[in-house]
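One structure is given below, encoded as structure tokens.
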Amino acid sequence: MRQIAAREGSVALFATLAATCVAPALTAALVCDPSLPLHSGTPSMFDPRSAPAEMILDITWLVIAICAVIFVVMEGLIIWAIIRYRAKHARDTAGDTGEPPQVYGSNPIELAWTVIPLLIVFVLFLVSARGIFEIDKQEPPPGALEVRVVGHRWWWEFDYGDLGFSTAAELHIPLTKDGQPQSVFLTLESADVIHSFWVPQLGGKKDVVPGRTNYLWLQPRETGRFVGQCAEYCGAQHAGMLINVVVHEEDDFNAWVANQQKPAHDDPATADGRDLFLSTACINCHTVRGTVANGTFAPDLTHLMSRSVLGSGVIANTPEHLRAWVWDPQDAKPGCDMPAMKLTREDTDRICAWLETLH
Amino acid sequence: MSALPAHDMPPLARTGNLPRGKLGVLLLILSEVFFFGTLIAVYVFYIGHHTGGPTPKDVFDAPLSGPTWQPLAVSFNSVFLLVSSLWIVLAHRALCRGATTAFGFWWLATFACGSVFLAGTANEWHGLIMDDGLWMGTNLFGSCYYTLVGFHALHVTAGLTIMAIVFVLTLAGKMHQRHAGKIELLSWYWHFVDAVWIVVFTIVYVIGWWGAA
Amino acid sequence: MSSSPVRPDLSPPLSRLHEWVVTVDHKRLGVMYIVTGLVFFLIGGFEAAMMRWQLAWPGLDIVMPEDFNRLFTMHGTTMVFLVGMPILLGSANYLVPLMIGTRDMAFPRLNAFGFWLFFFGGALLYFSYFGAQGLYGMGSAPDVGWFAYAPLTERTFSRGHSTDYWILGLMVSGFGSIATGINLVTTILCMRCTGMRLMKMPLFVWIMLVDAILIVVAMPPLAAAQVMLLFDRSLGAHFFDVQAGGSAVLWQNLFWFFGHPEVYILILPAFAFVSEIIPVFSRKVLFGYPLMVAATVTIGFISMGVWVHHMFAIGLSPAVNTLFMASTMLIGVPTGIKMFNWVATMFGGRIRLHTPMLFSIGFLAQFLFGGLTGVMLAVVPFDWQVSDSYFVVGHFHYVLFGGLIFSIFAAIYYWFPKVSGRMLSEALGKWQFWLLLIGFNLTFGPMHVSGMLGMPRRIYTYQLDRGWEIWNLLSSIGVLFQALAIAFFIWNVIRSLQRGTPAGDDPWDAWTLEWSTTSPPPAWNFDTDPEVRSRRPLWDAKHPDDPDWKYE
Ligand code: HEA
Ligand code: HEA
Ligand code: CUA
Ligand SMILES: [Cu+2]
């Protein structure tokens, strides 16, 4: 028989296991309390700003609580067993070197730890099942704003069907309609592979599957900008398929809609840029309403300047970034489906000067 | 192993061990069941989902103009396959008795019937490809059809190959009574291939043909 | 089966190589499986380390986006199919015949065949780094994720041959696994020594039996799905071609119908290891053996009916989601029974904290955490938030690494003396354990946080303003500890092989049959055919006054 291990092992083991217990708790406190100074841009599910996200969080607290209790109890039992029944310790008290009593099992005890988990699971199941049916809406709630969301590699198209325009990269929605909370009902479709729409503060995610239509329901509680991103791996730029949702006051939203509905701004000062754009392959992919450009492969540029980001969010929409993008999009978003158009510097400038008028 | 006097110990229990050859083949068949089960489930799932023809109706239904109603022709083939399962049982029995000549006869019958079936499938495919223009890539129906029927045919081919080898051995006088166990295992495999065909037939030529109107 | 033929005409190193290559001995094949698996573990770990380096801080440029995608695909595929599978098959191969007191597996040649299929499958997969360029000059290794969701894997989106390598490599090694699975079931049901009825088998053997059955029924559907994908890609079929009526959801159903049982195929051997180790180092018989058997079988059954929990966000109807939520949660109950019984085995024992026991305790503590996050994921509304986020990555590393890999190290420290005849160093083992414990938790704990803070998985970089930096940095730092731990392990193995303490037949004072023969066992395993009357034949032998068979 070999040597019995040293004593400090169990102390260290105890300390580590205790730390394993405490660390998650501390972290949880740190992360979950929205009042603590985290990044303001963090899309945390613990900081919900929309009805479904709140409902999910309620259920989350319950399941975290249940699991935390089980975790602490079980971990405690393990630690207790190690400390109490370490060989040295047991021998000190028992005063012999033989084997401990052999216990082969116990029907009542084993029955208990079959039935109790069953009950826990049952409770958890009931609560969650209710949540599923409440949150997962297959029909638009009455009066909801409906937007068709189309996932493309690697950008989002937002088609405001009834309102008559389509935009990209930023989803704009109102907080209220006629003073009442406004539900937003998203219809999710894909143009190519599977994507997933996820803005944690507004609602859970829903996959965007080709050949299938999915629905997602949001009901914002607050104005502001909420970020998220594609959550299903979809190829080279999956990481760059970001989502921005802007929740407006009712009036601001209406103003935004009115602007989007207009055809492209036409500024004679940059007409040469426009003509160059229209004579380039750009129009095969992009639409600019009010011109002959009507490609559907790429984002609608009609009101490009009303968006604050480019490339579905990988860079901010500034004049320099725009120039860099048109010069070579592969630099900001390597692998994306817009090729470098091989324009000269001057042509790039001219096109961008025109693009910058598209408010 | 133990220091105890023998009379104190309980008698050794019987282990209940199974014959390993049989169990091995049964497990092989079990895994095949899951393989074919998947292909069949996919076939059923996709009934009627194809875009563009030819549809099962188009190719299986050549009522008067065409030479045969395909399911009829296939039923004809199927009879050969089903019957071969009977022959292989007789062959096995013969070998158990040690009647190697009779074994050789039934074995050949099995092989011949299986071959007829395979030839029927080949003929059917020829017709589908050349006359109806249906191939894997034509539409979803084609993909499902050739995959399912093709994998079955592949199993028939594998069976026939082994049978051919056994037949050669028989001619060489190398098959004896003591090989009956192995032959039985082979016959199980063959019955399984047969059973799969019954399901495939029902799915493809009956349900699929109806369902995809 | 006889030991490998010796070729005296070859030079000594070649002759030894020849012996290993042509061997059909279950022990050698077992060792070959495990060693190959460990080599792949280093490769997969290296890939992971590259990923963590890239993700340590937002906006890094260590690897290209495409290369990152290849890294996680190859990492996941390697770890699941080329690390977990061979190590479990290898340990079952080595130990099952010894534990049931027989000379070899039921079909030794099939056994060798299975190993070599696995080996070539793995080699084929890795050959993609060189051979997948194809006519288009595109791609190298597969970059479609370890579950290869269609239609991303269709020709349109995945040109070149990388995906074909993924399909073929896994299919070949999969056939090997099926062969070995059949072999294991047959061995267990047909080759037990005198007196070993089913309920007298060590729990290890029971679990491996269930595991092997799962392999036999779960791998073929994957093969079928892969065949369809292959036909789509090379013959123009339309199974997963959405334009022609094919379905993207179908692939997910087929993959996870295999995939979920697969994760249980991976964790059951871990259960098997600790079910042997914990009793020996607690000096107590396993608590509640019959219920443990029942729980194992139950897990096997339920695991075939939960696969949709990987698809909660795909937009299935609330009713379907609810149903699969129920089955998924239910599987926690038999798993819990196991946890409780292990802990109950420790209670009232005389626990010796040798390295195998340390790793087993690590397994208990960490698998518990991973299991509970699994139950959280089963709660559909919560899953809608964290599905496909780093929370899931955290979950499955806790069960796969914290559970499976920890238990594998436990098993290696426990059975290495039997296999090699020498002890591994306890001191180095403890260094490895503590470094790995710290490194592991440091790497994967923070992932739960970043996931709940909105970080999706499989992204090669992330924005600076998201508040994920610190969690990712911690994760990446953890890898350094892990790598150091692995270095200690490698050193330990090399050192001990050369000058480890000789082990003797039964260094741990254990109870199952493998410890009754020499270390390493002779090619024929036992000089006399063993006879057993209880689950712990060596206990009976050592305690003739109080043998087990009186109580079972
Ligand atoms: C070894 C592998 C392994 C194991 C054992 C498990 C075990 C479990 N897993 Fe995990 N899982 C994976 C590997 C594994 N998983 C992998 C690889 C993925 C991701 C695949 C991918 O997308 O790439 C995944 C993903 C995954 C998902 C999908 C997440 C998503 O993508 O959205 C879900 C959802 O339900 C889930 C659930 C569970 C559950 C409920 C268990 C349960 O079996 C856990 C049971 C254990 C316990 C519960 C702890 C002990 C029990 C007690 C102490 C009793 C008391 C407890 C209760 C009453 C609750 N897993
Ligand atoms: C058994 C399974 C297993 C194991 C052990 C691991 C181990 C590790 N995994 Fe694993 N991981 C998976 C299974 C596993 N993983 C799966 C299935 C996925 C999903 C893939 C997908 O999305 O498709 C995944 C995905 C995954 C991701 C997510 C990638 C993404 O979504 O973008 C990350 C990120 O950090 C990660 C990290 C790690 C790390 C740091 C380790 C470490 O613990 C590794 C430690 C080991 C070492 C550090 C090796 C030490 C040796 C050396 C460094 C020497 C160098 C070697 C040579 C020169 C040959 N893994
Ligand atoms: Cu779109 Cu990921
Ligand atoms: Cu699962």
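Any read-out appearing in this document is the output of simple, stated calculations on the displayed coordinates, not a laboratory observation. From a predicted model like this one, the values you see are computed outputs, not experimental measurements. Note: ideal-geometry Cβ built from the backbone for every residue, glycine included; neighbour counts use all protein chains shown.
The table below gives the values:
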| read-out | value |
| --- | --- |
| Fraction of antiparallel bridges per DSSP, the protein assembly as shown only, in percent to nearest 5 | 70 |
| Lys/Arg +1, Asp/Glu -1 at C-beta; the protein assembly as shown dipole; positive extreme among A:Ala87, C:Trp515, C:Ile331 | C:Trp515 |
| Eligible lysines near B:Lys174 by straight Cα distance, threshold 27 Å, same-chain separation 8 or greater | B:Lys22, B:Lys182 |
| Partners for A:Lys342 among lysines (Cα-Cα distance below 21 Å; same-chain residues under 8 apart left out) | A:Lys333 |
| Length-normalised contact order for chain C - Cα pairs under 8 Å, 6+ apart - percent | 16 |
| Expected-Rg normalisation [2.2 N^0.38 Å, Cα atoms] applied to the range C:44-116 | 1.68 |
| Average Cα contact separation per residue, chain A, under 8 Å, 6 or more apart, as relative contact order % | 15 |
| Filter on C:Lys200/C:Lys284; C:Lys284/C:Lys542; C:Lys27/C:Lys284; C:Lys418/C:Lys542; C:Lys418/C:Lys550; C:Lys27/C:Lys200 - keep pairs with C-alpha separation over 25 Å | C:Lys27/C:Lys284; C:Lys418/C:Lys550 |
| Relative packing of C:243-251, B:112-120, which averages over residues the other C-beta atoms within 10 Å, highest first | C:243-251, B:112-120 |
| Highest to lowest packing among C:333-345, A:190-202, scored as the average C-beta count within 10 Å | A:190-202, C:333-345 |
| Alpha carbon convex hull of the range C:489-552, volume per residue in cubic angstrom | 113 |
| Distribution of pairwise C-alpha distances over the range C:29-530, 10 Å bins, in % | 4, 19, 30, 28, 14, 4, 0 |
| Partner aspartates and glutamates for A:Lys177 [C-alpha distance under 12 Å; skip if fewer than 8 residues away on the same chain] | A:Glu249, A:Glu250, A:Asp251, A:Asp252 |
| Directionally averaged projected area (convex hull, Cα atoms, the range B:74-213), nm² | 8.4 |
| Relative contact order (%) - the range A:268-355, alpha-carbon pairs under 8 angstrom, separation at least six | 28 |
| Quarter of Cα convex hull surface for the range C:419-552, i.e. mean projection, nm² | 13.3 |
| 14 Å beta-carbon shell around B:Asn77, net charge (K/R +1, D/E -1) | -2 |
| Dipole magnitude of the range C:385-522 about its Cα centre (Cβ charges: Lys, Arg +1; Asp, Glu -1), debye to nearest 20 | 280 |
| Average other protein chain Cβ within 10 Å of Cβ, residues C:64-76 | 2 |
| Estimated dipole of the protein assembly as shown in Debye, rounded to 20 [Cβ of Lys and Arg +1, of Asp and Glu -1, Cα centre] | 4240 |
| Sorted peptide list for C:401-407, A:220-226, criterion being average Cβ within 10 angstrom, highest first | C:401-407, A:220-226 |
| Per-selection Rg to Rh, chain A - Cα, Kirkwood hydrodynamic radius | 1.17 |
| Other protein chain Cβ atoms within 10 Å, averaged over every residue that makes up B:146-158 | 1 |
| Size of electric dipole in chain C: Cβ of Lys, Arg +1 and of Asp, Glu -1, about Cα centre, debye, nearest 20 | 760 |
| Coordinate range along principal axes, alpha carbons of the protein assembly as shown, Å, largest first | 109, 88, 61 |
| Chain C: angle of helix C:203-235 to the longest principal axis, Cα-based, in degrees nearest 10 | 30 |
| Largest-first ellipsoid semi-axes for the range A:162-253, taking √(5λ) over the Cα gyration tensor eigenvalues, angstrom | 24, 14, 12 |
| At 0.890 mPa s and 25 °C, Stokes diffusion of the range B:80-137 via Kirkwood alpha-carbon radius, µm² per second | 192 |
